[in-house]
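For reference, the structure discussed in these notes is given below.
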Amino acid sequence: MRDLPLAKVYQLLEPGPVVLLTTAHKGRANVMAMSWHMMVEFEPPLIACVVSNADYSYTTLRATKQCVIAIPALKLASKVVQIGNCSGQGVDKFQSIGLTAAPAKLVEAPLVAECFANLECKVVDTHLVNKYNLFVLEVLKAWTDPAQKHPKTIHHHGYGSFVVDGETIKLKSRMP
Ligand SMILES: Cc1cc2nc3c(=O)[nH]c(=O)nc-3n(C[C@H](O)[C@H](O)[C@H](O)COP(=O)(O)O)c2cc1C
């Protein structure tokens, strides 16, 4: 075993897939890239995620308590990196980067039409926001695109490095 700098630990554990988080505030939609998220409950599905207070999305998520988590496949990887490297404060990223904002059913934040799945969410717990920028979201409605079969997701390893989903293996499960 060799020493690993603590600053690199996240590169081992960032689970992915990298997702997009959309918000809409005062009639303007925005989108950011996010890989610090995890499931915390099956049903209703609860997702914990870290949205930095340096991000414009932090302000819009705090203000509206609604968002969409959109899951991009490999073909969107370069757009994901662009989205994650600029602020939407004064820019319409949907337009400048070339993504389609589609209306959601239960929240103001838009779906991303090019993504293979979209999850409409509301913020249900903000206890750890001040300490860790950690929001707990409840998924209210989920959509998938039937035209995108077997999408490969991307997983962030830091500084422009990503791992792409590989082969699927099936093992016997004893869970019902
Ligand atoms: C692959 C990738 C993953 C990222 N994951 C996160 C994350 O989990 N949380 C976060 O706050 N920012 C994350 N970022 C950075 C934000 O996407 C970035 O700061 C973005 O510009 C914020 O946009 P906004 O200011 O329009 O909200 C990530 C960026 C990339 C490229």
Residue by residue through segment 57-82, note down the ones that are closer than 14 Å to V129 by Cα and among the charged types (D, E, K, R).
R62, K65
Candidate set from segment 90-106 (those that are open to solvent by less than 50 Å² (accessible area, probe 1.4 Å) and over 17 Å from K141 (Cα atoms)); member that is farthest from the ligand (Cβ to nearest atom):
G98
Mind checking which pairs have a first residue in segment 108-133 that is under 25 Å from K152 (Cα atoms) and open to solvent by 30 Å² or more (accessible area, probe 1.4 Å) and a second that is at pLDDT 95 or above and of a type in the set (S, T, Y), Cβ under 6 Å, 6 or more apart or different chains?
A113/T100
Of the conditions (1) among the basic types (K, R); (2) out of contact with any helix residue (DSSP H, G or I) (no Cβ under 6 Å at 6 or more places or on another chain); (3) within 23 Å of T144 (Cβ to Cβ), the single one that R28 does not satisfy is (3)
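For (1) among the charged types (D, E, K, R); (2) touching an Asp or Glu at 6+ places or on another chain (Cβ under 7 Å); (3) without any contact (Cβ under 8 Å) to a residue 24 or more places away in the chain, each residue gets a yes or a no:
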position: L6; (1), (2), (3): no, no, yes
position: N30; (1), (2), (3): no, no, no
position: S35; (1), (2), (3): no, yes, no
position: M38; (1), (2), (3): no, no, yes
position: V68; (1), (2), (3): no, yes, no
position: G98; (1), (2), (3): no, no, yes
Looking at segment 52-68, which of the residues that are in a helix (DSSP H, G or I) and either among the small types (G, A, S) or touching a Phe, Trp or Tyr at 6+ places or on another chain (Cβ under 6 Å) (or both) is farthest from V124 (Cα to Cα)?
S57
Test result for G166, touching a Phe, Trp or Tyr at 6+ places or on another chain (Cβ under 8 Å), modelled with pLDDT under 95, outside any strand (DSSP E or B) and over 17 Å from C49 (Cα atoms):
no
Could you check segment 69-89 and list, in sequence order, the residues that are in a loop (DSSP other than H, G, I, E, B) and more than 10 Å from the ligand (Cβ to nearest atom)?
P72, A73
Limited to segment 147-176, what total is found for residues that are surrounded by 10 or more Cβ atoms within 10 Å (Cβ to Cβ) and of a type in the set (A, V, I, L, M)?
3
Only residues that are over 20 Å from A63 (Cα atoms) and in a loop (DSSP other than H, G, I, E, B): list them for segment 91-148, please.
G98, L99, T100, A113, E114, C115, F116, D145, P146, A147, Q148
Residue check for Q11: touching a residue at least 40 places away in the same chain (Cβ under 8 Å), within 12 Å of the ligand (Cβ to nearest atom) and part of a helix (DSSP H, G or I):
yes
Name the residues in segment 31-68 that are under 18 Å from V112 (Cα atoms), within 13 Å of the ligand (Cβ to nearest atom) and open to solvent by less than 10 Å² (accessible area, probe 1.4 Å), would you?
V31, M34, S57, T60, L61, C67
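The values are calculated or read from the model by the stated rules, or taken from the named source; none is laboratory data. Please read all numbers here as calculations on a predicted model, not as lab measurements. When we count neighbours, we look across all protein chains shown, and the Cβ atoms used for this are built from the backbone with ideal geometry, even at glycine. Remember, those area values only see protein heavy atoms, side chains included, never the ligands or the DNA or RNA. Shrake-Rupley method; radii C 1.70, N 1.55, O 1.52, S 1.80 Å.
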